Amino acid sequence: MTTPQILALLPLIILALTAIVVMLVSACCRNHRAVVILTLLGLITAFGSIAIAAQYAPIAVARLLVVDPFALLFTGILLLAGFFVTLFAYGYLEKHPGTPGEFYILLVLALLGAVTLVSAAHFASFFLGLEILSISLYALLAYLRTNPLNIEAGIKYLVLSSVSSAFLLFGMALVYAELGTMAFTEIAARTGGGHAIGVLTMAGLGLIIVGFGFKLALAPFYFWTPDVYQGAPAPATAFIATVSKGAVFALLLRFFLLLHVRQSMPLLVLFTVLAIASMFIGNLLALHQDNVKRLLAYSSIANMGYLLVAFLAGGPQAATAFTFFLIAYIVTILGAFGIVAIFSSARREADTLLDYRALAWRHPWLAGAFTVMLLSLAGIPLTAGFLGKFYLLLAGVQSHLWLLAIILVVNSAVSLYYYLRVIIAMYTHPREGHPEHATPHLTAMDAAALTVLTIALFWLGIYPGPLIRLIDAVVRGF
Amino acid sequence: MILVWLILIPFIGGLLSWLVARWNVTAARWIALAAMFLQLALAVGIWITNWGAIKLAGRGPWLIDYRQPWLPQLGISLHFGLDGFSLLLILLTGVIGVWSILASWRGIQERVGFFHFNLLLTLTGITGLFLALDLFLFYFFWEVMLVPLFFLIDIWGHERRHMAAVKFFIYTQAGGLFLLLGILGLYFVSGKGSFDYFDLLGTPMSAVMAMWLMFCFFLAFAVKLPAFPLHPWLPDAHTQAPVAGSVDLAGLVLKVAAYGMIRFMIPLFPAASLHFAPVAMTLAVIGILYGAILAFAQTDLKRLVAYTSISHMGFVLLGIFAWNELALQGALIIIIAHGISTGALFILVGMISDRFKSRSLENMGGLWPLLPSVGGVWMFFAMASLGLPGLGGFIGEFLVLLGTFKVSVGFAAVASLGFIVSVIYSLWMVQKVFFGRPSHTEPVPGLTWYEWAMMASAIIITLWLGLYPQPFMDTAAGSLLNLLKGTARVSSLRSPVLGTDIETPRLRLLLVAKYHSRLRLIGSFGVCPQNPIIDSGFILRPYFGDSYRNSLATQVGTQSETGATLSPEFRCQSPKYSPALMLCPSTDNPEKRDHTIASLPPSPRRERLGVRGSRGGRP
């Protein structure tokens, strides 16, 4: 490997080093705060090294990875998401007895896998990154091992993820059998840019999409989502909802755009069906939920369906719409789960609606932040979520995807109902009913993280210009 | 920049009020009141300073214009504009805003700062809506108006407020999302990469696409107006909202939909609106009668007043889709008059329910001796609601009917039944509450000084509208004529899909303003007995013939050249300045100032009856 290639891989290297250092430090001195500071430093350094790597982009590394502006942008997004998850995890894990150091090791390793995923250009690195991510997640999701809900969530995710990885491998094998190559660009070339996809390849792609569908919690591969989101610790849920999905979606975009998915009718139909099913199932099933974490899980299924609309749209705005919506979604979900983490205690998670009843009168700032996050998910202007949905509709209408656009609109209207339910619960008067309120334990890191996220939400909703210019510059190649 | 101040003043006032409320609640109320007074004063100042400009015919309707780029990649700018039409609505916003703060002076005691923040944020959104000239900005303010109103209903409302708030939010948001879809469709069809109103006007598009997009816009506005099948949110929202919320809803939020239709929907899609008009007018007429009949059936006083709103908005919808100067002026007058009178009615309902702790008509009766002042004012506004001549509602409804009559006799005839049914519910309203067997005997507190002030201002404005609406009509005339001219220009184009002219055998509405001159309303009584331009056909009368097309083309041609050579539609027989108050058009063209029927130049329609073949283009 030449020096430019190594320098281009600097974020990955720094992440790996951070994992090792954190492992050693948490082995020798059991100081939670020190471990967290180290993790944060490592993440910041990795984020900073993106600037160095950007000078050498685009560059292919050993046929397995390609470090181009797209990969670096998503690396940055994922590192920031990991940063905020760490901030929330500190406060959360402080409340729980036990040794919290390993959480950060697993988090950094999972980030390593995620960053590998967004730079992947070969099935091998794809699978490698995916497995690093998944295996770290198995342990992350079951972290509080004395809590049976956690273990249940972890085991469910383990079994289903392994099965989907098996599907993925089988699919990759089928593609390799027909085409004789595993590199993305080669695959695209040998299928004639998506026109001449043979039977075996199509079957393989179908199985690969099953694997994708599981990781992204699209319908009908979503059955693990509500249970895992509910059972896992809130920061781990935040991680899986943002980093894991973001990385896999970035890879999906890269892989299928190379393959010119829009030229292939079967693939288009498949993704359309997945999108419509996800939107409807996510929204309709969320209507009945009164558990906030499950509600957010179903809403994330629906949001991934919305994101597929941008994926399916061609046109100049589509990739920008995709990335912007993903960023807005990540900011929102981090904020929402961060608040859930703040309100959770050692005994139980703060996930029922009763925990949030009359919140606005007891803790107005926290309730305000949560309201803003929910309104952003609902797509109300002034928030980033609105501009994200607007961009999605823009991309959809531009490509004349009328059915999908109308379904998106209808589902957005339907989704209002359950977001409003939570908001109403927060603004109910204290004397109605018997509130079993959860008391928040707010650390400085939590407060700082939440403030930054809320400000980012409004900033992206009102003045997204610089970010959009950046995304436009990056995705111009797509 | 002053337009931005019009929007920012309520917003800053709301923020200040919220912050100050922590220390002093009364100060918070005064700050909110001061902010709204300031906005009202600013609007009145603009009106007075531009009065001369409004009267000046050739100047063009836009009084103030402001533009800043916001998201240039998408073609979104902060484009605000004020013309006579929006100026009147801003004035209405100021008045209703002041009233809603005063009305909740004693009623709201919890979270006063947050209440005023939400109230003023709603008013900010509404002001922005009336000023926005960029479609994205319009949608943006549409949503901004929505959320604080939701909180107003949900937190400070009455017993079933959660259901009402959710219903309101989902209905309006769903409509808003369809509006967004329509806006985006228009954005892409125009291909200019801009959301600006002026860039999107006159976009050529296929008839099918235009119909779909117009329908998206119509859905959104029909939910808000509300038009007949999409109205269920209104009774609950009005009933369960606190007084200020109801006043805002009835006074302003419903008008936003009418404004949207007049400013955006019809000018952007004139041909599609034309084709859709029979459906819309049917819905309007159904709304008029349905709202009135259901109002009569209510036992909850607030709900009764809410249903009267549906009825009045039906008149507005009718007038909008008739789309001629008479009908639009009528719709505008109804908007202002209804905002004032229904706002006042809601305030009165609030006063009554505060004092008697009940909104149910069963528990009321014979309250006149206890509250004679409230009874008197209530009767006044009940008369305004039913359309008593001399009060604002009559002028508006009458002009709407007149304008609709020119277009279709059937609709006008059925709609005029609205006058009868409105009498029924209005008199019922008065009788059930204030007359009859007394239900309460203990004395209750009378009106406070500011309640008197609100009622007095309401009465003055209603009388002003009823007896001398000319200033209002003058203010809006320029902008309405401009809108009418704009659609006439566009609708004379050939329809590309059908490859034929618009005179296909279907209902043909006259989009061209037959009036170039302004209406001088000397009084409010009677009408010119001869109205020769009667479309004596049936509702779906087909229009055939080259003669009509030629005449239309010439009309449009002459209109666009000089804008001043069309003949008036009808003449009065009596002289112009008769004390027997007549509705007389005045022309600027002296040779046409002629008051006998015999010298009436043949109108195109009259010409066409029985005359086939080309006839030369003299209108």
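The values are calculated or read from the model by the stated rules, or taken from the named source; none is laboratory data. Since we're looking at a predicted model, the values are computed, not measured. With ideal geometry, Cβ positions are generated from the backbone for all residues, glycine too; neighbour counts draw on all protein chains shown. We work out accessible area using only protein heavy atoms, side chains counted, and drop any ligands, DNA or RNA first. Shrake-Rupley method; radii C 1.70, N 1.55, O 1.52, S 1.80 Å.
Overview of values
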{"quantity": "Complete set of residues in region B:202-218 that are among the polar types (S, T, N, Q) and either modelled with pLDDT under 85 or surrounded by 15 or more Cβ atoms within 10 Å (Cβ to Cβ) (or both)", "calculated": "B:203"}
{"quantity": "Region B:279-290 - residue that is touching a Pro at 6+ places or on another chain (Cβ under 9 Å) and farther than 14 Å from residue B:322 by Cβ and, of those, surrounded by the fewest Cβ atoms within 10 Å (Cβ to Cβ)", "calculated": "B:286"}
{"quantity": "Hey, residue B:221 surrounded by 22 or more Cβ atoms within 10 Å (Cβ to Cβ), within 14 Å of another protein chain (Cβ to nearest Cβ) and part of a helix (DSSP H, G or I) or not", "calculated": "no"}
{"quantity": "Of all residues making up region A:438-471, the number that are within 14 Å of another protein chain (Cβ to nearest Cβ), small (Gly, Ala, Ser) and in contact (Cβ under 8 Å) with a residue 40 or more places away in the chain", "calculated": "1"}
{"quantity": "Elements of type helices (runs of 4 or more DSSP H) in region A:350-450, at least 1 residues being among the basic types (Lys, Arg) and closer than 21 Å to residue B:220 by Cβ", "calculated": "A:384-398"}
{"quantity": "So residue B:142, is it within 12 Å of chain A (Cβ to nearest Cβ), among the aromatic types (Phe, Trp, Tyr) and crowded, with 22+ Cβ neighbours inside 10 Å", "calculated": "yes"}
{"quantity": "Failed criterion for residue A:290 (all others in (1) at pLDDT 90 or above; (2) open to solvent by 10 Å² or more (accessible area, probe 1.4 Å) hold)", "calculated": "(1)"}
{"quantity": "Region B:126-139, residues that are at the interface with another protein chain (Cβ under 10 Å from one of its Cβ atoms) and free of Cβ contacts under 8 Å to residues at least 60 places away in the same chain", "calculated": "B:139"}
{"quantity": "Residues of region B:394-416 satisfying the condition of being open to solvent by 10 Å² or more (accessible area, probe 1.4 Å) and not hydrophobic (A, V, I, L, M, F, W, C)", "calculated": "B:406, B:410, B:416"}
{"quantity": "Flag if residue A:346 is open to solvent by less than 10 Å² (accessible area, probe 1.4 Å), within 30 Å of residue A:97 (Cα to Cα) and not in a helix (DSSP H, G or I)", "calculated": "no"}
{"quantity": "Residue satisfying condition, being of a type in the set (D, E, K, R) and under 20 Å from residue B:90 (Cα atoms), within set B:355, B:263", "calculated": "B:263"}
{"quantity": "Residues of region B:148-169 satisfying the condition of being open to solvent by 10 Å² or more (accessible area, probe 1.4 Å) and in contact (Cβ under 8 Å) with a residue 24 or more places away in the chain", "calculated": "B:151, B:156, B:157, B:158, B:159, B:160, B:161, B:163, B:167"}
{"quantity": "When residues of region A:99-129 are limited to those that are open to solvent by 10 Å² or more (accessible area, probe 1.4 Å) and more than 19 Å from residue A:17 (Cα to Cα), the one farthest from the chain's Cα centre (by Cα)", "calculated": "A:99"}
{"quantity": "Selection within region B:170-179 - more than 7 Å from chain A (Cβ to nearest Cβ) and open to solvent by less than 10 Å² (accessible area, probe 1.4 Å)", "calculated": "B:172, B:175, B:176, B:179"}
{"quantity": "Odd one out for residue B:19 among (1) within 14 Å of another protein chain (Cβ to nearest Cβ); (2) open to solvent by 20 Å² or more (accessible area, probe 1.4 Å); (3) in a loop (DSSP other than H, G, I, E, B)", "calculated": "(3)"}
{"quantity": "Positions within region B:190-216 being under 16 Å from residue B:76 (Cα atoms), part of a helix (DSSP H, G or I) and within 13 Å of another protein chain (Cβ to nearest Cβ), in sequence order", "calculated": "B:190"}
{"quantity": "The lone exception for residue B:492 - which of (1) buried (at least 17 other Cβ atoms within 10 Å of the Cβ); (2) modelled with pLDDT of 75 or more; (3) closer than 25 Å to residue B:261 by Cβ it fails", "calculated": "(2)"}
{"quantity": "Breaking point among (1) over 23 Å from residue B:147 (Cα atoms); (2) crowded, with 24+ Cβ neighbours inside 10 Å; (3) more than 9 Å from every other protein chain (Cβ to nearest Cβ), for residue A:401", "calculated": "(2)"}
{"quantity": "Which listed residue, of A:388, A:396, is buried (at least 24 other Cβ atoms within 10 Å of the Cβ) and either more than 10 Å from every other protein chain (Cβ to nearest Cβ) or in contact with a Pro (Cβ under 8 Å, 6 or more places away or on another chain) (or both)", "calculated": "A:388"}
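Yes or no, residue by residue, for (1) free of Cβ contacts under 8 Å to residues at least 24 places away in the same chain; (2) open to solvent by less than 60 Å² (accessible area, probe 1.4 Å):
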site	(1), (2)
A:2	yes, no
A:14	no, yes
A:24	yes, no
A:28	yes, no
A:37	yes, no
A:46	no, yes
A:51	yes, no
A:56	no, no
